[in-house]
Structures are given as structure tokens and as C-alpha cells.
1. For chain B, find the longest principal axis of its Cα atoms and tell me its angle to the long axis of helix B:8-17, 0 to 90°, nearest 10.
2. Taking a cut-off of 18 Å between Cα atoms, list the aspartates and glutamates near A:LYS228, but don't count ones fewer than 8 places away on the same chain.
3. Starting from the Cα-Cα distance between B:ASP133 and B:VAL89, subtract it from 0.36 nm times their residue separation and give me the gain in nm to one decimal.
4. Report, in debye and to the nearest 20, how large the dipole of chain A comes out about its Cα centre when Lys and Arg carry +1 and Asp and Glu carry -1 on their Cβ.
5. Please figure out what share of the DSSP beta bridges in region A:51-349 is antiparallel and state it in percent, rounded to the nearest 5.
6. Go ahead and run the numbers for FRET between A:ARG250 and A:LEU40, Cβ-Cβ distance against an R0 of 41 Å, rounding to 0.05.
7. Out of B:ILE37, B:ILE50, B:ILE112, any idea which swings most in a Gaussian network model of chain B, alpha carbons joined below 10 Å?
8. Report, in debye and to the nearest 20, how large the dipole of chain B comes out about its Cα centre when Lys and Arg carry +1 and Asp and Glu carry -1 on their Cβ.
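Coordinate-derived values only; no laboratory data. As the structure is a prediction and not an experimental result, all values here were calculated from the model. Virtual Cβ from ideal backbone geometry, glycine too; neighbours counted across all protein chains shown.
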Amino acid sequence: MTPPEPRHIFDCDVHCNPTSAEPYQRFVPPAYRTALEQQLDCKPGAGYVNPFGVNRRDTAYETPADIERNHLDRYGIAYAVLQPQPMMYLSLTHSIDVANVLAQAGNDWLIATYLERDPRYLGSVCINANDPIAAAAEIRRVGSHPRMVQVIVPGESSFLYGHRFYHPIYEACQEMDLVFALHPGVEGSYNSSTPVGRPSTYYEWHVSLPLTFMAHTGSLVMEGTFEKFPGLKVLLTEGGFGWLPHLMWRMDKDFKALRSTTPWLKQEPSAYVCDHVRLTTQPLEEPPNPDHFLAILEMIDAGRTLCFSSDFPHWDFDDPSRAFPSKLPQALRDRILWDNAMELYAKKLSALPRPQISTEKV
Amino acid sequence: MSTPPKSIEAAFEVAAASRRAETGKRESLCVGPQADIPEGGVKIVAHGSISIGVFHVGGEFYAVRNQCPHQGAPLCLGKLHTTHAPAAVGEFQPALAGRVLRCPWHGWEFDIVTGKGLYDARSRVKTYATRVDEKGIIWIDL
């Protein structure tokens, strides 16, 4: 039977796009135009966009020479641990295979471009933590480089970092004497940066980042990671530290009643933190009363646990000579600016010649 | 009653009054010809150890101390923006169009017309009076 010849067609899915000739922004009320300039229209797939740019605009940072001139030389930095972007976020890549290959490429690039160039550069091994077996192989492949001192992963992850899924990575870190470092990493592009929903602005998102760090720290301690891998050291970068007293005290308080649910813990949870976890300074909590800042340092035993970081060249960069209150005692300042990191990376650094140290005190 | 030290409304009141630095009598610093600084641009000049940024916004020249009161960053290498005035929840009121300087370290906001920091009631960065002479040369009155 011949179907009837159609006379009219009704299409239910045709797309149209605004163009520069026909923009739709002119239909947006004027009061919202500054909000659009501030990228308040960003959506989950794009993560949270800093409305004013992530990098400093008062300095050049694109090449190794830029970093040496504008940062290392200027502030007398004897060692700088590099965190290559975007390779440090490869664990968030959808394709496992592509992420694994890019991790190798990123590490080879870092060695060739920076680590072989200036002895002040130290490196972070980039891995795809979503494939722990491949990640461990990559850690063993490049981790023996004398200037590779840590493995870096983003704060956003498939599991809490205490999960045994990641054990092959910790085994490799321990074997290669590499620190396991976390850095905030596009939280909210994958899961939400908070367990109860998405922040509405970059501001709220940026403030929420320590939540991830608190969760990972509790997980690493309570899952017994440091019992299983007694040589493992963890560095929490750019996650703040003002929250640490609360977490340690709460873990220790509950330990008295709930220890039997984690019988592998042989000491108070805070003791694992003090022995295995280190934190970096930037972005520094800045209480209006500098005595409160010093009190936090005392609570977290900062003379052992806190390491200076500048976050060069990002927008919230800290100057080592200006970031801390003037009341900070010199001995503690020295520990934060130098000794704590030297001790953290001691196993790798002891094989290197002593660096040129600036005699100028900051 | 005194103004709460953290009042953002107070900060915006000071900025909105747009009161500029008084012309000094003691000393003048030559910035150069007007043509050196296009609309929206800045020129950094030095007076001894003091660095000053001269901005050209809306046909006027504004001189601002090139040192952030927070950590001493070169403030005038930051970018000019429009900000939002304090408003009701869910409401956006664009304000101080093009005259808000954002520090290149940490992003703190300052009004270049009055020098007022827009994050509390007290902070400010020093500003200087400017004038353009009959030959089109910009001067800062120190």
C-alpha cells in the first residue's frame, strides 16, 4: 500500500544559537551584566571559574626563566616544589587510557623542562589515581629521578583517599620515598565540593575546599593507612589548616568510645596526623587578632607540621616576608619557611648537594 | 553611634561621595603628556622610593599609591573593574563602574577615586590630586 504523500512536516527538535550579530545578552537586564562579566553563569561542566582570573597579572610566569627571575631569585627560594597544571588533575579525566598516557607525558615534560634545568626545582609525579595499578607503575618509572620528591593528586577523587583502592599508590610512594600530596583540584566538576550540594559562586566554592581535605585526612587516619604504610607522608597543599585542631580533637574524643570499630588504630588519631601529615600555609587563615593566628599554630604543632607555600603565580599568592604576622617568633618562622619541608622531603633531598641558601632573613 | 569597623555600607558611602585628594601646595610630580595614558590605561611613576599609578578613567586622571596595604603588592598593576553595591539578597546593583582596582595578589578591591578599600569601613590606599596643565601635561600634587 502506498503511504499518503505528506503535505506538512512537524519537526520537534531544531537548534538555534545566538551569534555576534544576534546576541541575546542585550535582552539581559542591565543590572545583571556585571554579574555575567563575573562569570556567575558558569555551570557544573566548566567547574567554578574565578571571575577575575586565576593568575597574577603583575608578573610573568609562563617560562622557567620567568619563574626563576620573578619568584625564585626575587624571594631567595632555594627549593620550589612544582605542581604542573593541568596534569596534576589528570585523575578527573573520563578516559582512563588517555589519562595514563598524559601522566607519562606530563612527567617527562616536567623533568625535561624544569628539573634538568635548575637545581632549585623539585618535582611532583602526576598520576591517574583512577587507575592505581598504572599510577603505581608511573610512580616507579619516574619516581627515582633525584628531584622528584612527591606524587600529586587532586582533592576531588573517586573515593576518599583512605580507601584501599589507592593502596598500590601508597605502596609505590613508600617504596620510592615520595610524599603523597593533595592539592585542590577542580572540585565540583565531578562530585560536589560539599557533600550536601553545589555552591553558587566561586567565592563559596573556594571557601568550601577544606571540607574535602578534612574528609580525606579523617579517612587516611581512620582507615589505618598509616598503620599499613608506616613510611607514608601526606602533604595537604592549599587546603588551609585552621580546621585541623577541630578534626584532631574530635577524632581523639570519639576514639575513646568508638576505637573498637577501627581496631587497627594503635594510637590516638591525632598522633597519626602529627607523625604523617604536613600542611602548607597558603591561603593563610588571617584572624584579625594575630594572637589567634599564633594560637592556631600552637594547636597544630606548626613547628613540626606547617610548611610555607606561595602558590605562585596564582591570584592569592603569598610573599614569604609579608604573609605572616610580625609577632611570629623567628625560630618558628624558620621552621615553617625551611626546616619542616626539608624534614618532610629528607629522604630524597639528602642525596642532593646542599642548595645555595640566601643569608637574608625573611 | 560609631560606624562598625566591618561595615561595607560605610565603605561604599565613602566611595560614592567621590571626594578626591586635596591639591597639595608643597611639591608636584610630572607624570607626562596626557596622550601617554589612553582611556582605561595606567602609567606607573616614581617619587623617590614611592611608586604611584596614574589611571585614566572617564576622561579623568586618578593617582593611587602603588602599594597594597595588605602585603605590599604592586596594587596598580591590578585590573580595573565594576563592582556590586551592597544590596538585598538576590539583587545585583552594579556600582563604581570601571573605577574599582583589584590587587594582583589576593584580589582586594579599592576605589581609585577615593582610595577607599571596599571590604571594610576603615582601610584605604593613599590617593593624590592630579591636574593637567595648559600644555596637556599631567601633574600629581604630593
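1. 40
2. A:GLU171, A:GLU175, A:ASP177, A:GLU268, A:ASP275
3. Values: separation 44, 0.36 × 44 = 15.84 nm, distance 4.66 nm.
Result for the pair: 11.2 nm of gain on full extension.
4. 660
5. Close to 5 percent.
6. Details: r = 35 Å, r/R0 = 0.86.
Given R0 = 41 Å and the Cβ-Cβ separation, E is 0.70.
7. Checking each option, the largest mean-square fluctuation is seen for B:ILE50.
8. On the way: 16 positive and 14 negative charges, 69 e Å.
The calculation lands at about 340 debye.
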